[in-house]
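Colleague: Provided herewith is a single structure, encoded as structure tokens, for subsequent inquiry.
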């Protein structure tokens with residue numbers, strides 16, 4: 001008799017592992033936004049708006065992937 | 001790093017995962033790659049060295065949670081060292097400039113900057129100008 005040890009318990013745990021990892025990534029992207037805005041205040045660089053925009057896009061992407069992982073897995 | 005998931009066709013090491021987990025794992029890999037690239041870009045972009053006629057400013061963005069900003073007056077500079085070493089630095093004329101000051105922070109490091117000799121020369125001229133100003137009793 002062939003019993004699949006992964007069929008019942010493991011995948012929900014793996015799912016929450018993935019979701020937690022993506023949650024940490026969302027926190028990381030928030031830190032990036034905060035740091036970029038602080039550094040833009042420190043420095044009067046000419047390229048600050050695209051960097052800030054990219055930091056926000058990065059954050060929204062991270063949130064999107066977090067929700068996607070939560071729903072798909 | 002960005003091409004690594006393509007190798008999964010040759011080396012199916014995550015084939016034991018269900019397809020949705022496999023997709024999210026690859027997505028996660030690309031996010032880690034994006035984070036790595038973006039953080040390296042930020043640490044390059046926000047590592048700034050500024051030389052004015054009155055002071056030098058060194059802004060070090062070491063990583064996302066650690067940064068260091070220091071400045072010193074030009075007349076506090078004690079010595080300037082230029083280091084150009086290796087084939088790449090010699091070929092492309094970039095290197096490090098170390099500035100020793102009498103102020104609290106002992107050493108300013110301008111790392112991997114283009115034309116380091118020019119920076120040292122400008123610093124030398126500024127220090128000479130400061131000395132002249134001091135001798136002549138000028139404020140600026």
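Colleague: Can you find a residue in the stretch B:112-135 that is within 14 Å of chain A (Cβ to nearest Cβ) and farther than 30 Å from residue A:27 by Cα?
Modeller: No, the stretch B:112-135 contains no residue that is within 14 Å of chain A (Cβ to nearest Cβ) and farther than 30 Å from residue A:27 by Cα.
Colleague: Would a scan of the stretch B:90-111 turn up a residue that is at pLDDT 80 or above and within 24 Å of residue A:50 (Cα to Cα)?
Modeller: No, there is no match, as no residue in the stretch B:90-111 is at pLDDT 80 or above and within 24 Å of residue A:50 (Cα to Cα).
Colleague: Restricting to the stretch A:22-73, count the residues that are outside any helix (DSSP H, G or I) and more than 19 Å from residue B:67 (Cβ to Cβ).
Modeller: 2
Colleague: Within the stretch B:13-40, how many residues turn out to be under 25 Å from residue B:67 (Cβ atoms), away from every other protein chain (no Cβ under 11 Å) and touching a residue at least 24 places away in the same chain (Cβ under 8 Å)?
Modeller: Adding up the residues that qualify gives 2.
Colleague: For the stretch B:1-45, give me the residue count where each residue is within 33 Å of the chain's Cα centre (by Cα) and at pLDDT below 85.
Modeller: Total satisfying the criteria: 6.
Every residue, every condition in (1) more than 14 Å from chain A (Cβ to nearest Cβ); (2) under 17 Å from the mean Cα position of the chain (by Cα); (3) part of a loop (DSSP other than H, G, I, E, B); (4) closer than 12 Å to residue B:120 by Cβ, yes or no:
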| position | (1), (2), (3), (4) |
| --- | --- |
| B:49 | no, yes, no, no |
| B:53 | yes, no, yes, no |
| B:60 | no, yes, no, no |
| B:67 | no, yes, no, no |
| B:71 | no, yes, no, no |
| B:75 | yes, no, no, no |
| B:79 | yes, no, no, yes |
| B:82 | yes, yes, no, yes |
| B:97 | yes, yes, no, yes |
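Colleague: Something else: Assess whether residue B:10 counts as being more than 14 Å from chain A (Cβ to nearest Cβ) and surrounded by 16 or more Cβ atoms within 10 Å (Cβ to Cβ).
Modeller: Considered against the rule, which asks whether it is more than 14 Å from chain A (Cβ to nearest Cβ) and surrounded by 16 or more Cβ atoms within 10 Å (Cβ to Cβ), residue B:10 comes out as no.
Colleague: Filter the stretch B:41-58 down to the residues that are out of contact with any helix residue (DSSP H, G or I) (no Cβ under 9 Å at 6 or more places or on another chain) and touching a residue at least 40 places away in the same chain (Cβ under 8 Å), then identify the one that is surrounded by the most Cβ atoms within 10 Å (Cβ to Cβ).
Modeller: The residue in question is B:58.
Colleague: Condition check: in the same structural domain as residue B:126 (by TED's automatic domain parsing) and modelled with pLDDT of 90 or more. Does residue B:76 satisfy that?
Modeller: no
The values are calculated or read from the model by the stated rules, or taken from the named source; none is laboratory data. The model shown is predicted, which means the values in this text are computed figures rather than measured ones. No Cβ is skipped: glycine too gets one built from the backbone with ideal geometry, and neighbour counts run over all protein chains shown.
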